[in-house]
Structures are given as C-alpha cells and as structure tokens.
C-alpha cells in the first residue's frame, strides 16, 4: 500500500501540454492518501491558475496552513479552489479574502453573527436582493464567496483602493483601523513564502 506524501504524488503527476490537465502517471499506485487525492482533484478542476502545476503548489501550501481549521481534506481543497477562483475573478488577492474569512467566521460556513450575517464571509441577507437571486443560499460556500468578493471589490472601488476604509465598510465598523489590522494579521498566515 502506498502512503506517500504530496511531493511523491506530485512526482507521479504528469502535465499534458496541449490539454493542460493533470493526469496520474502510469506508476503503480495501490492507494493514495486522502490529502493527495483531494489536492489532485482540486488542482485538476482549478481554472483560475496559469497552470495545473501552479494550482497544485498553491493548494498544497494553503492546505497546510488551513489544516487545523478545516479538517476534511476534500472540503478544504475545494474551498481553497473556490476562494482562489472568486477572489481572482474580483481582482482581489486570495490571501486578503482568506484573512477576511478568518476574522469573520474562522472558516465556519454555517456561522451566523448576532446581527444575522451569514456564512464564511459573514454577509447580511439583504445582499441577496442587491446582487443575487431570491433562492441563493449564503451558507453555500460558492455563493458566499462570490457575493463576499463582489461586495469587497465594490468597497475597494468606492474607497479608491484604500484597504482600511474598504474593510471598515465591509465590516460595518466605525473603528476601521482595528478591523483592518486584524485582517492584515490574519492575511500574514496565508502569504506565500
């Protein structure tokens, strides 16, 4: 039985140039650990990276940093893929989005604040009327991330890119610097390096 690590898994991954997809090489493998399989599946489905290899490398790094908050490797890797996709679409650094999620919900997709904000990025239900559809579910990670990144992008645009002011608006906080500092500190744990 094979119990290799992600580096071993990466060695057995082959990039097919024209198709641009990850496929397992012909090496005999009886079993792959669940994290390697989760990383492989999410990298294969990632469409917001320049290449599947870059997707795999980023997902592996971020997965290690998030492993204690999101225990299930399949959900963790899929969540990371969604975070990267939605933040990239909105023109926001994925690490900023992860910092917001860390402070807002500690990566709890079912979090509800005392004032009724919901999900990973703690969005108020009125956003459904503003930018969504009546049947949208703010506890659905893909929906929550799409909304949250769109809202954050709007606040960044409204403030001329001033991160402190944009984060203050996002949080609805009069003390913009305190909240922004919390998010910046959380971001540091996710910075590539």
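The values are calculated or read from the model by the stated rules, or taken from the named source; none is laboratory data. What you see is a predicted model, and the numbers here were worked out from it, not measured in a lab. Every residue, glycine as well, gets a Cβ built from its backbone with ideal geometry; the counts of neighbours run over all protein chains shown.
Test each condition in (1) within 12 Å of residue 100 (Cβ to Cβ); (2) touching a residue at least 24 places away in the same chain (Cβ under 8 Å); (3) in contact with a helix residue (DSSP H, G or I) (Cβ under 6 Å, 6 or more places away or on another chain) for residue 144 and report the one that comes out false.
All conditions are met except number (3).
For residue 167, all conditions in the list (1) closer than 23 Å to residue 75 by Cα; (2) assigned to a helix (DSSP H, G or I); (3) touching a residue at least 40 places away in the same chain (Cβ under 8 Å) hold save one; what is the number of the exception?
For residue 167, the exception is condition (1).
Mind checking whether some residue in the stretch 54-75 is over 23 Å from residue 102 (Cα atoms), surrounded by 12 or more Cβ atoms within 10 Å (Cβ to Cβ) and modelled with pLDDT under 95?
Checked against the condition, which is being over 23 Å from residue 102 (Cα atoms), surrounded by 12 or more Cβ atoms within 10 Å (Cβ to Cβ) and modelled with pLDDT under 95, the stretch 54-75 yields no hits at all.
Please indicate, with yes or no, whether at least one residue in the stretch 145-163 is under 17 Å from residue 86 (Cβ atoms) and not in a helix (DSSP H, G or I).
No, the conditions are met nowhere in the stretch 145-163.
Condition check: at negative phi and in the same structural domain as residue 189 (by TED's automatic domain parsing). Does residue 119 satisfy that?
no
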